[in-house]
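Working notes, structure below.
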Amino acid sequence: MRSSPVRAARSRRALRGAVVGLALVLALAGCTRSGSVAAVVDGNSISVSDLHRAVTELGPVYQGATLPTLLEALIVGPTFLDVATKYGAGVSETQAVDSLKQAYATQKLTAPRSFGPGAIAVARFLLAVDALNALPKASEAIAEAEARAQKLHVDVNPRFGKLDFKTGTIVPLAYSWIVNDTPAAP
């Protein structure tokens, strides 16, 4: 039995539809994956779930524990930790967890059974900054950490904003197609 031109055309359309469908699935899977990443710093991902967990765990004990602030700390934290270690003021995960437990106890709150990697990383960063500031060569150490942080290759998920290295903050992005409901101040 020979195939007709109509049957061959249907087969090509079905194959083309399957290829387009597969491409669409792969594209959407890529969107979902990138949506789970808050930022990428020199090839290392900071997950949205780690960031949200850090906000949940640090919010009760640290004033100003907001998404942008903690994301900034997670972005530059490893750089400050490296410099602190170089100057003999490194901070371990155990020290960070102990510090978090102490913060909860000071506030008379029950600490979580365990802390997530984001909260531990932020606590290590805060302890490292304190340790660097206490050094005899504090200004030199802080300047080195800030200079190294300026050289990081950082991609922030637009959902969280854009890192402004001049101010050291994550600023929200404004898109022309998003209407701001807030009236302008007079």
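Values computed for the structure shown
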| quantity | calculated |
| --- | --- |
| 13 Å beta-carbon shell around Val91, net charge (K/R +1, D/E -1) | -2 |
| Within segment 112-152: Cβ-based charge dipole about Cα centre, in debye rounded to nearest 20 (Lys, Arg +1; Asp, Glu -1) | 200 |
| For segment 47-186, with +1 on Lys and Arg beta carbons and -1 on Asp and Glu, the positive-most of Gln63, Ser99, Ala143 along the dipole | Ser99 |
| Euclidean distance between Cα centres, segment 111-126 to segment 60-105, Å | 7 |
| Derived scalar couplings ³J(HN,Hα) [segment 39-49; Karplus, 6.51 cos²θ - 1.76 cosθ + 1.60; whole Hz; x for Gly, Pro] | 6, 10, 10, 6, x, 9, 8, 10, 7, 4, 5 |
| Stretch gain in nm, segment Gln150-Ser49, where the contour uses 0.36 nm per residue and the Cα spacing is subtracted | 33.8 nm |
| Under 5 Å, built H, 5+ apart or other chain: amide partners of Ser47 | Ala38 |
| Net charge contributed by nearby residues that have their C-beta within less than 13 Å of Phe80 (K/R +1, D/E -1) | -2 |
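Rule-based calculations on the coordinates, nothing more; no lab input. Small disclaimer: the values here were computed from a predicted structure and weren't measured. Backbone-built Cβ (ideal geometry, glycine too); neighbour counts: all protein chains shown.
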